[in-house]
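First up is the structure itself, then whatever we jot down about it.
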Amino acid sequence: MNDFKLIEDKWQKYWEEHPEISEAKNTGKQKKYILVEFPYPSGSGLHVGHAFSFTGGDVYARFNRMMGYNVLFPMGWDAFGLPTENYAIKMKRKPQDITKENTDHFRSQMKKLAYSFDWSREVNTTDPDYYKWTQWIFIQLFKKGLAYKKEMQFNWCPP
């Protein structure tokens with residue numbers, strides 16, 4: 001088991017020191033954009049469902065890099081909303097503190113799984129530089145009558 005740990009540590013360090021391996025660059029190569037669903041950092045870590053979907057995306061990203069494409073394969077965190085809020089309430093902690101800890105932990109786990117995400121393009125929905133644009137587009141939709149509030153039946157669990 002020690003041999004595996006030494007080999008894994010060696011390559012984790014190498015990938016950390018050579019992020020250009022998975023970063024998309026402005027080259028003459030044809031571009032591919034591959035995206036997996038951003039996880040909610042609202043739990044104590046990744047689960048098998050994350051590994052299932054991320055592994056498929058990672059295999060496809062690596063395949064396309066090997067085929068000569070300039071691949072953009074980012075990762076991010078869908079950190080706003082009820083899952084994060086409910087987890088923070090359950091843990092009796094501030095949502096922003098929980099979110100920071102959980103995204104750090106999730107990122108660490110993903111790196112241990114050796115996913116080839118372009119970490120230079122990491123997205124966090126709690127970053128003001130990100131959500132200012134979601135707020136802006138919502139306002140534009142609202143002005144055009146495409147976003148509105150309406151009473152209607154909906155299949156939803158009240159809790």
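Each reported figure results from applying straightforward, stated rules to the coordinates on display, with no laboratory input. On a predicted model such as this, the values are computed, not experimentally measured, just so you know. We place every Cβ from the backbone using ideal geometry, glycine too, and count neighbours over all the protein chains shown.
Among the residues of the stretch 92-110, those identified as exposed (fewer than 15 other Cβ atoms within 10 Å of the Cβ), assigned to a helix (DSSP H, G or I) and over 13 Å from the mean Cα position of the chain (by Cα) are 96, 97, 101. Among the residues of the stretch 76-89, the ones that are touching a helix residue (DSSP H, G or I) at 6+ places or on another chain (Cβ under 7 Å) and either part of a loop (DSSP other than H, G, I, E, B) or over 24 Å from residue 117 (Cα atoms) (or both) come to 4 in all.
In the set (1) in contact with a Gly (Cβ under 9 Å, 6 or more places away or on another chain); (2) more than 21 Å from residue 26 (Cβ to Cβ); (3) hydrophobic (A, V, I, L, M, F, W, C), the condition left unmet by residue 73 is number (2). Of all the residues in the stretch 1-26, those that are under 24 Å from residue 60 (Cα atoms) and of a type in the set (A, V, I, L, M) number 2. Across the stretch 41-61, not a single residue is classified as in a loop (DSSP other than H, G, I, E, B) and either among the aromatic types (Phe, Trp, Tyr) or more than 27 Å from residue 94 (Cα to Cα) (or both).
Given the residues 68, 43, which is the only one that is over 30 Å from residue 158 (Cβ atoms) and either touching a residue at least 24 places away in the same chain (Cβ under 8 Å) or of a type outside the set (A, V, I, L, M, F, W, C) (or both)? Every option except 68 fails the conditions. Examine the stretch 139-155 for a residue that is without any contact (Cβ under 8 Å) to a residue 60 or more places away in the chain, surrounded by 13 or more Cβ atoms within 10 Å (Cβ to Cβ) and in a helix (DSSP H, G or I), and state whether such a residue exists. Within the stretch 139-155, not a single residue is without any contact (Cβ under 8 Å) to a residue 60 or more places away in the chain, surrounded by 13 or more Cβ atoms within 10 Å (Cβ to Cβ) and in a helix (DSSP H, G or I).
For the stretch 111-133, a residue qualifies if it is part of a helix (DSSP H, G or I) and surrounded by 11 or more Cβ atoms within 10 Å (Cβ to Cβ), and the qualifying residues are 111, 112, 119, 120, 121, 130, 131.
Among the residues examined, residue 38 qualifies as closer than 17 Å to residue 121 by Cα, among the hydrophobic types (A, V, I, L, M, F, W, C) and touching a residue at least 60 places away in the same chain (Cβ under 8 Å). Out of the stretch 68-91, which residues are under 20 Å from residue 34 (Cα atoms), over 12 Å from the mean Cα position of the chain (by Cα) and not β-branched (Val, Ile, Thr)? Across the stretch 68-91, the qualifying residues are 68, 69, 70, 72.
Please verify whether the stretch 18-36 includes one or more residues that are surrounded by fewer than 16 Cβ atoms within 10 Å (Cβ to Cβ), among the small types (Gly, Ala, Ser) and more than 13 Å from residue 110 (Cβ to Cβ). Yes, the stretch 18-36 contains at least one residue that is surrounded by fewer than 16 Cβ atoms within 10 Å (Cβ to Cβ), among the small types (Gly, Ala, Ser) and more than 13 Å from residue 110 (Cβ to Cβ).
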